[in-house]
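As structure tokens, the structure follows; a few thoughts come after it.
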Amino acid sequence: MALKARALYNFQSENKEEISIQENEELVIFSENSLDGWLQGKNSRGETGLFPASYVEILRSRAGSSYTDYSNSPAGSPGHDSSFYVAPTNPSISYQGSFEDDDDDDWDDWDDACTVVEEPRSPPGTNGHPSPTLQYPTAYSHQHAGHRPKPALERQDSMSSSKRGSVVGRNLNRFSCFVRSGVEAFILGDVPLMSKIAEVYYIEMGSKGPQWRANPHPFICSVEDPTKQTKFKGIKSYISYKLTPSNINSPVYRRYKHFDWLYNRLLHKFTVISVPHLPEKQATGRFEEDFIEKRKRRLILWMDHMTSHPVLSQYEGFQHFLCCRDEKQWKLGKRRAEKDEMVGASFLLTLQIPTEHQDLQDVEDRVDAFKAFSKKMDDSVLQLTNVASELVRKHAGGFRKEFQKLGNAFQAISHSFHMDPPYSSDALNNAISHTGKTYETVGEMFAEQPKNDLFLMLDTLSLYQGLLSNFPDIIHLQKGAFAKVKESQRMSDEGRMDQDEADGIRKRCRVVGFALQAEMNHFHERRVADFKRMMQSYLKQQIIFYQRVSQQLEKTLRMYDNL
């Protein structure tokens, strides 16, 4: 039953599912049961949508209580960050399972009682990092299925900000990655310091600015021998991959689901790092040779990026994934990784940054330049992907067919010359017939050539599409941090905030800024190496290919020399 309510504060909507309300405005509430701190209703202008429950009071008759006060609810109040309230799981909401159901419904023979990942699934945001699980009766609930979310972080000191005399305003858009990642809470000093932080990652000043300190124990890891295996007497089938880290030189065997588990742990932990995307899943044909080979190639690239990253390569969960061979130790390490407290915003506490001063405006200008660069690169990578994909299609179809037609036409000429024996020249006829067969062979060579050059190019481009798609949200974190610094300084200048508190916000913003710049530098370093290798490999294979074609044609040409 609809209820009347009155707005206690102004609220400005920030997305299409929300509506703006004005102080003292009369509202209609569709249900007084708040959804994760939000109510759905209609304002005086007839607009329907969501607004914070703590911003309104429900008007009742004198026989009952005068109003329902939501201001003490754990989510949605002006002094509390609603993004850190974890609502109870709604059992009525179903989530789309993996495309590879046979590959994801248990934890192999190591841990059959445990699921791969405990979080429900929802689609990635624009940066490839997943969006939050939403439980609103709007378009959200129909759009979000099929991928893993980064779980909301439960706030551990929700009362800390309410005790301050003045508080920097919080972003009321709880769907913003700046809020849901916990970085806003970190910037405002609401992420508690741990008594003991076991892991530390260092950022140093290099010739091109901040950079991650190199892994003191670098290594590589091969991905080989995809093998089809079965369990439950052949009822279930899966593909295992042989992984051999160079630092221990002892192989382990992992299924794709194990890669998937690791990937989710990486997304959950490393807020400001562009985690490379895993190769895509496929609904059917998982055991076809071409698909297995394609997945292996892309897992090799994924592994190369993981082992080359100074931070990701040192992550305990990654080392456990690569090295553990004991069943009991595997389960213990897996659960330890899932209980890791230094994730999301808390990961920022593990960073040690240089003492060098950086002007925040200079940092913002550099981030803006990288933002423009990454957008342009993303567009050009997509363009090259489309062109290369079309070329693959032509190699397998159009080019082969055209050369086959040409070869058939030459052979038809040869057959016609046999029709009048007195004037027939067997040597010429055979040479022309051989020419036709040569062009048919050349057509088959064109059809097979993408495996040698274009496939590697498309694999690299796919990897970089994923890496580039991560940066918009990572950059948004820095933009949000900049905004808080500017707001805190303005409040300090107006006497509404202690300068020490404003300085603390600026100091924590430096951590986010240094981390983003270090990640930008690492991206550029890898980009130069990867695209150099990609272009060299493509050109070398093209030269080899056309040399082979030339050899076929030269051999055929020599048949005409002695006619």
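With distances taken between every two different alpha-carbon atoms, the range 333-451 has a Kirkwood hydrodynamic radius of 21.1 Å.
A 1.4 Å probe run over the range 427-500, with the rest of the protein chains in place, finds 37 Å² accessible per residue.
The alpha carbons of the range 453-498 occupy a box of 64, 10, 9 Å along the principal axes, longest dimension given first. In the context of the full set of protein chains, residues of the range 193-241 present 66 Å² of accessible surface per residue (probe radius 1.4 Å, heavy atoms only). Note on the range 462-563: lysine pairs with Cα distance below 22 Å, sequence gap of 8 or more or different chains, count 4.
Surface composition of the range 413-539: carbon plus sulfur atoms contribute 55% of the solvent-accessible area (1.4 Å probe, protein chains only, all chains present). Using every pair of distinct Cα positions in the range 3-59, the Kirkwood expression returns a hydrodynamic radius of 10.7 angstrom.
Based on the Cα coordinates of the range 360-560, what is the per residue volume of their convex hull in Å³? Before the final figure, lay out each step's value.
Working: hull volume 20.1 nm³, N = 201.
Value for the range 360-560: 100 Å³ per residue.
Stretching residue 199 away from residue 365 to a fully extended chain increases their span by 56.6 nm, per 0.36 nm per residue minus the current alpha-carbon distance. Applying both filters, DSSP loop and at most 13 other Cβ atoms within 10 Å, to the chymotrypsin sites (Phe, Trp or Tyr not before Pro) of the range 256-317 gives 287. Taking N as the residue count of the range 442-533, its C-alpha radius of gyration divided by 2.2 N^0.38 Å amounts to 1.83. Carbon and sulfur atoms: what percent of the 1.4 Å accessible area of the range 3-59 do they account for? Ligands and nucleic acids excluded, carbon and sulfur give 43 percent. The residues of the range 295-393 expose, per residue, 49 Å² of accessible area to a 1.4 Å probe.
The values are calculated or read from the model by the stated rules, or taken from the named source; none is laboratory data. As the structure is a prediction and not an experimental result, all values here were calculated from the model. When we count neighbours, we look across all protein chains shown, and the Cβ atoms used for this are built from the backbone with ideal geometry, even at glycine. In case anyone asks, the SASA skips ligands and DNA or RNA and just uses the protein heavy atoms, side chains included. Shrake-Rupley method; radii C 1.70, N 1.55, O 1.52, S 1.80 Å.
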